[in-house]
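J.: Structure provided below as structure tokens; questions to follow.
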Amino acid sequence: MREFDTRVVIIGGGATGVGILRDLSMRGISAILLEQSELGHGTSSRFHGLLHSGGRYVVKDEDAARECIDENEILKRIAPTCIEGTSGWFVHLQDDNPDYMKAWLTGCSRVKIPVKEIDVAEALRLEPMLSRHVEKVYEVPDASIDGFKLLWANIRSAERYNGKFMTYCNVSSVRVENGCVKGVYAENVRTGEKILIHSEIVINAAGPWAGMVAASAGAQVSIIKNKGVLLVFNKRLFQRVINRLRAPRDGDIFVPHETITILGTTSYTVGSPDDNWIMPEEVSYLMNMGKELLDDIEHQRVIRAFAGIRPLYEEASTVVGEGREISRDFALVDHEKLDGITGFISIVGGKLTTYRLMAEKVTDWVCNKLGLEVVCRTAEESLIPPVEEKLKDKARTMFGVAMADKMMERLNDRLGEVVKQVSQDPAQGQLICECEMITKAEIKHVVHEFNTTSLNDVRRQTRLGMGTCQGAFCTYRAIPLLADLLEEPGKLREEITDFLDERWRGVVPILWGEQLRESELTRAIFNTTLGVGQREQGR
Amino acid sequence: MKYRDDVITSLDTCIKCSACTAQCPVSKVNPNFGGPKWLGPDAERLRLESGAILKLALDDCSNCKTCESTCPSGVKITDMILKARRKRSLDQNTPTLALKMRLRGYVLGRAEYLGRLGVIWPGLTNKVLGLKIMRYGLDKALGISKFGPLPPYSQALGIRADQAKDGQNRKLERKVMYFPGCYTNYNEPNTGRMVIKILEHVGYKVVVPDFHCCGLPLEANGQFAKAQVNATHNLELMENYLQVNVPIITSCTSCGLTLKEEYPKVSVPGAERIGQQTFDLFEFLWSLHEKNELPLNFIKQEISLGYHLPCHLRAQGIGIPSLRVLSLIPGINVHNLDVGCCGLSGSYGFKKEKYEISMQIGRGLFEATKIGVNHGDFQEMITECGVCKVQIEHGAGVPTKHPVWILAQAYGLA
Ligand SMILES: Cc1cc2nc3c(=O)[nH]c(=O)nc-3n(C[C@H](O)[C@H](O)[C@H](O)COP(=O)(O)OP(=O)(O)OC[C@H]3O[C@@H](n4cnc5c(N)ncnc54)[C@H](O)[C@@H]3O)c2cc1C
Ligand code: SF4
Ligand code: SF4
């Protein structure tokens, strides 16, 4: 068994976990983050991608709304390349309750969310797909945020301050002796290696798995696991986030993301944090809900569906109806007070929008525990070092503005290397993924960095295979570039199947129309021509 | 639903099969051109996202529409490309084409004005355009390649007023309206006159109003507003006839395609009918034959010909009606070369920086033509499109004419 020391162990590589790692590292406290799979395996990549302005919560929960607008402004400042400042509209339709609209306007002015009314004719000109039943439109500073980019930006920032992380490292139990935390037992799920990490403090940031992690220490955290289904559309349907101006319900938000648009979500309590399968009726339900905002929804191509599990904190052990009644706000559970275990804390609930604030609170608690007085600087220091203007210009002339800007957002300070590769050998500029415009040079770069072990890792870094064709063409083009990693030829075959399975999983619930044709083409290419299979084909 | 954007909707039907790129004549010879899939549906998703346009590549497409004829999914690929060009032309922030290029777009786009200029002094223009020094000037000043085969100009076709007296019931008269187009009008008016003769021979009165250029060359050269004005003008002239089901006949394949595919998008009266009421000359003649109305008293023609299918005829999706009609003539033997685009594609090959590419695209056709001639398969080529004709003569040095001339011989009209 491998053993080593650190002051703090963080369990969970979601937004909350990486935010804590960054904050601790910036405050000079040695810490290591352990993630059972890859970064963003949990809810932080299976979410709607809305950087809330607070508008959605303003009527029900002013505190949550206030946190959102504050964090919204901070994140736009410190993480501009992870965020697209789309702005958002709250749209009041013909038969919607006017009292709610009044309460909403009052709430926004109390919480100081800037609201601007948009003339309806102008709104329809700017967003031609919007329902003709719209009566009022208000603009707020919503934005879209990319989960993967945000996670990686936090990790990189933490690394600059000596923060450490290990992926594919599952914490099997928290080690407690005489009511005191001593560290964690973990296992590398790839190699089977057992690891013991000694630490003074353990932070449970395992999201929907937080209950299980707490239990391994003999503590208790009640999490309501609330599933939300989301649909991904092939293209930009709207240029702005579109919210329905009514009490929050299902299927009432469209969020534009790069080339796609995501409609969501639903709210359904499930038993396990891994229970993110999608039923056909959930999809048709969402389509019906979305139709109220977008009349022509049936003609818009859906390319996949996915679901995430909200880790909602259940304070008292009372379960009230469905998940949405419970506060989405976060809680810091000090297990010394609750279960008599010192040095063990769970951070649960919250939103991705407020991840930095949650991390700040946790780190404050840690400092307090360790008797340190260091102030938090995560709201001031930029997450991402700026890219030189000269380099930007070079990339833009090389790839064209649209493509270069997307590349820059993905690569940031690493852009230089890719640009160098392509200027030395223009053939490296060949597009491997044409839907999302990803070059050979960029994939090669990712393969040799970022702890890449699989094509799915490449996907999370680049959007490879996340566009219209869902991997039909880029898979076989990209796989040779992984040859260095996966030396045995058999492994490459397996890798293709793994990647396609993962893509296929999201396509199965929406197999109709164009995506059905696309899947048949994919099947023809891989099953028939190349003779590699999709394991889950039978489903 | 009125507000649905069909071009954007058709983006969704693309399944990325790449059939379009495999067939694109420019992709075949220019490895740096991303191809129709990339420039059309792929880039369209990006354009919808950021509004930023992949500018440079836009001009590499020759607008031959082979991609659209190929696509099994009905994606409006060239509409997307043209829309992006239009957007670029409106975008003030982007340094668009240099003045020279804009001027050239103006000249090549306005075949009509160049044409009018040409027919006032046909002899003079031809001499002037034939002069090396003049071509050198065009090359340097406007970027119009000095090697490109600029067509000669002659006495214009002119208009033919409607003879129908007031009160006469238009419906009862067998009448067609002929849309000759700029090339026929100014460069080959005799072909236009022959089209009229044939139409009269098969029993139709022919009306030719004072049409403007159909607009396709304008679109292709980024003069979008002017294209719109022309379409509106032409549709106004047609409207009364369209209402009483008078067919509109074209002999130029690009004009035909524009009338069939682009005019229906203009919001003026008549636009809703023009698509179904426009016929390529031979398409029309074949439809008469199907009704047993086409005179079949042909004179036997002991003749062998090579045929080139113009891209814009293929894009009309009507097969090759001229070959069907010519096959009715006894003794005739036509070799359909079937080797794809000639490379000139409207005005593409006249552009200085496109000349080489255009000749490379056409190489297959030139070779096939020369081989045919060397084997003694045929001595002459036929093709419906005037610019294809000019390009074949330039690239292969084999005389080429519009198939209407063969029909005319068979009817004893020429
Ligand atoms: C459908 C849906 C839509 C949403 N939309 C939005 C939105 O638009 N805006 C917004 O702000 N918020 C949104 N949220 C909420 C937001 O996504 C979550 O609050 C946030 O991602 C939670 O992050 P986390 O780091 O706490 O949890 P997670 O991201 O789930 O991270 C927990 C991590 O811990 C790891 N882990 C678990 N057990 C172990 C173990 N034993 N050992 C090692 N690692 C372990 C997991 O693999 C996982 O990666 C949405 C949530 C859902 C479900
Ligand atoms: S119109 Fe012709 S040149 Fe342009 S992309 Fe299509 S096939 Fe290629
Ligand atoms: S545009 Fe048509 S031919 Fe081209 S890739 Fe898409 S579906 Fe295939």
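J.: Please tell me if B:Gln379 is touching a helix residue (DSSP H, G or I) at 6+ places or on another chain (Cβ under 8 Å), within 27 Å of B:Cys71 (Cα to Cα) and outside the structural domain of B:Asp60 (by TED's automatic domain parsing). Explain how you work it out, then say what you get.
T.: On the way: touching a helix residue (DSSP H, G or I) at 6+ places or on another chain (Cβ under 8 Å): yes; within 27 Å of B:Cys71 (Cα to Cα): no; outside the structural domain of B:Asp60 (by TED's automatic domain parsing): yes.
In short, no.
J.: Note down all Cβ pairs under 6 Å where the first residue falls in region B:19-34 and is over 13 Å from B:Ser358 (Cα atoms) and in contact (Cβ under 8 Å) with a residue 40 or more places away in the chain, the second is more than 8 Å from ligand 3 (Cβ to nearest atom) and part of a loop (DSSP other than H, G, I, E, B), and they're at least six residues apart or on different chains.
T.: B:Thr21/B:Gly35
J.: May I ask you to say which residue of B:Cys61, B:Cys14 is in a loop (DSSP other than H, G, I, E, B), facing another protein chain (nearest Cβ under 9 Å) and under 26 Å from A:Asp405 (Cβ atoms)?
T.: B:Cys14
J.: Here's something else I'd like to know. Among the residues of region A:153-188, what is the count of those that are within 16 Å of ligand 1 (Cβ to nearest atom) and open to solvent by 40 Å² or more (accessible area, probe 1.4 Å)?
T.: Adding up the residues that qualify gives 7.
J.: Report the residue count in region B:365-397 for those that are modelled with pLDDT under 95, β-branched (Val, Ile, Thr) and in contact with a Lys or Arg (Cβ under 7 Å, 6 or more places away or on another chain).
T.: Of the residues in that region, 0 qualify.
J.: Ok, one more. Looking at region A:107-127, which of the residues that are part of a loop (DSSP other than H, G, I, E, B) and open to solvent by less than 60 Å² (accessible area, probe 1.4 Å) is farthest from A:Gln239 (Cα to Cα)? Write out each step before concluding.
T.: Applying the first criterion (part of a loop (DSSP other than H, G, I, E, B)) to region A:107-127 yields A:112-115, A:119, A:127.
Next, from what is left, pick out any that are open to solvent by less than 60 Å² (accessible area, probe 1.4 Å): A:113, A:115, A:127.
Values: A:Ile113: 21, A:Val115: 18, A:Glu127: 7 Å.
Top of the filtered list is A:Ile113.
J.: Further question on the same structure: Taking region B:346-370 only, how many residues are surrounded by fewer than 18 Cβ atoms within 10 Å (Cβ to Cβ) and over 13 Å from B:Gly397 (Cβ atoms)? Walk me through how you get there before you give the answer.
T.: Within region B:346-370, the first condition is being surrounded by fewer than 18 Cβ atoms within 10 Å (Cβ to Cβ), and the residues that meet it are B:353, B:356, B:360, B:363, B:367, B:370.
Narrowing further to those that are over 13 Å from B:Gly397 (Cβ atoms): B:353, B:356, B:360, B:363.
Counting residues in region B:346-370 that are surrounded by fewer than 18 Cβ atoms within 10 Å (Cβ to Cβ) and over 13 Å from B:Gly397 (Cβ atoms) gives 4.
J.: Let me ask you something else. Got a number for residues in region B:22-37 being assigned to a helix (DSSP H, G or I) and either surrounded by fewer than 22 Cβ atoms within 10 Å (Cβ to Cβ) or within 16 Å of ligand 1 (Cβ to nearest atom) (or both)?
T.: Initial filter on region B:22-37 (assigned to a helix (DSSP H, G or I)): B:22-23, B:25-29, B:36-37.
Still in the running and either surrounded by fewer than 22 Cβ atoms within 10 Å (Cβ to Cβ) or within 16 Å of ligand 1 (Cβ to nearest atom) (or both): B:22-23, B:28-29.
Going through region B:22-37 one residue at a time, the tally reaches 4.
J.: Further, regarding this structure: Need pairs with beta-carbon distance below 9 Å; first residue on the phi < 0 side of the Ramachandran plot and assigned to a strand (DSSP E or B) and within region A:2-19, second more than 16 Å from ligand 3 (Cβ to nearest atom) and basic (Lys, Arg); sequence gap 6+ or separate chains.
T.: Close Cβ pairs (under 9 Å, with a partner that is more than 16 Å from ligand 3 (Cβ to nearest atom) and basic (Lys, Arg)) amount to A:Arg2/A:Lys194.
J.: Provide a single number: the residues in region A:462-481 that are among the aliphatic types (A, V, I, L, M), within 12 Å of chain B (Cβ to nearest Cβ) and open to solvent by less than 10 Å² (accessible area, probe 1.4 Å). It would help to see each step written out before you state the result.
T.: So in region A:462-481, the residues among the aliphatic types (A, V, I, L, M) come out as A:464, A:466, A:472, A:478-479, A:481.
This time we only want the ones that are within 12 Å of chain B (Cβ to nearest Cβ), so: A:466, A:472.
Next cut, open to solvent by less than 10 Å² (accessible area, probe 1.4 Å) only: A:472.
Residues in region A:462-481 being among the aliphatic types (A, V, I, L, M), within 12 Å of chain B (Cβ to nearest Cβ) and open to solvent by less than 10 Å² (accessible area, probe 1.4 Å): 1 in total.
J.: Could you grab the pairs with beta carbons closer than 6 Å, sequence gap of 6+ or different chains, first residue in region B:60-74 and in contact (Cβ under 8 Å) with a residue 12 or more places away in the chain, second one more than 11 Å from ligand 3 (Cβ to nearest atom) and open to solvent by 30 Å² or more (accessible area, probe 1.4 Å)?
T.: Pairs that qualify, where the first residue is in contact (Cβ under 8 Å) with a residue 12 or more places away in the chain and the partner is more than 11 Å from ligand 3 (Cβ to nearest atom) and open to solvent by 30 Å² or more (accessible area, probe 1.4 Å), are B:Ser69/B:Arg314.
J.: Could you tell me whether region B:25-43 includes any residue that is within 30 Å of A:Lys291 (Cα to Cα), at pLDDT 80 or above and more than 9 Å from ligand 3 (Cβ to nearest atom)?
T.: yes
J.: Follow-up question, since we're still on this one. Between A:Glu502, A:Glu518, which is open to solvent by less than 50 Å² (accessible area, probe 1.4 Å) and within 14 Å of chain B (Cβ to nearest Cβ)? First the steps, then the outcome.
T.: Values: A:Glu502 fails: within 14 Å of chain B (Cβ to nearest Cβ).
Answer to the selection: A:Glu518.
J.: Hey, does region A:413-435 have a residue that's in contact with a Pro (Cβ under 7 Å, 6 or more places away or on another chain), open to solvent by 10 Å² or more (accessible area, probe 1.4 Å), outside the structural domain of A:Gly14 (by TED's automatic domain parsing) and under 30 Å from A:Asp23 (Cα atoms)?
T.: Within region A:413-435, the first condition is being in contact with a Pro (Cβ under 7 Å, 6 or more places away or on another chain), and the residues that meet it are A:413.
Imposing the further condition that a residue be open to solvent by 10 Å² or more (accessible area, probe 1.4 Å) reduces the set to A:413.
Within this subset, residues satisfying the condition of being outside the structural domain of A:Gly14 (by TED's automatic domain parsing) are A:413.
Then drop every residue that is not under 30 Å from A:Asp23 (Cα atoms), which leaves A:413.
Within region A:413-435, one or more residues are in contact with a Pro (Cβ under 7 Å, 6 or more places away or on another chain), open to solvent by 10 Å² or more (accessible area, probe 1.4 Å), outside the structural domain of A:Gly14 (by TED's automatic domain parsing) and under 30 Å from A:Asp23 (Cα atoms).
J.: Could you please let me know if A:Ile32 is assigned to a strand (DSSP E or B) and more than 19 Å from A:Arg459 (Cα to Cα)?
T.: On the way: assigned to a strand (DSSP E or B): yes; more than 19 Å from A:Arg459 (Cα to Cα): yes.
When the stated conditions are applied, A:Ile32 passes them.
J.: If you don't mind, there's one more thing I want to ask. Any residue in region A:366-387 that's more than 30 Å from A:Ile341 (Cα to Cα): show its pairings with residues that are small (Gly, Ala, Ser) and part of a loop (DSSP other than H, G, I, E, B) at Cβ separation under 9 Å, as long as the two are six or more apart or on different chains.
T.: Taking only residues 6 or more apart or on different chains, the pairs are A:Ser382/A:Ala79; A:Leu383/A:Ala79; A:Ile384/A:Ala79.
The values are calculated or read from the model by the stated rules, or taken from the named source; none is laboratory data. Quantities reported herein were computed from a predicted structural model and do not represent experimental measurements. Every residue, glycine as well, gets a Cβ built from its backbone with ideal geometry; the counts of neighbours run over all protein chains shown. Accessible surface is based on the protein model in full, side chains and every heavy atom, while ligands, DNA and RNA are left aside. Shrake-Rupley method; radii C 1.70, N 1.55, O 1.52, S 1.80 Å.
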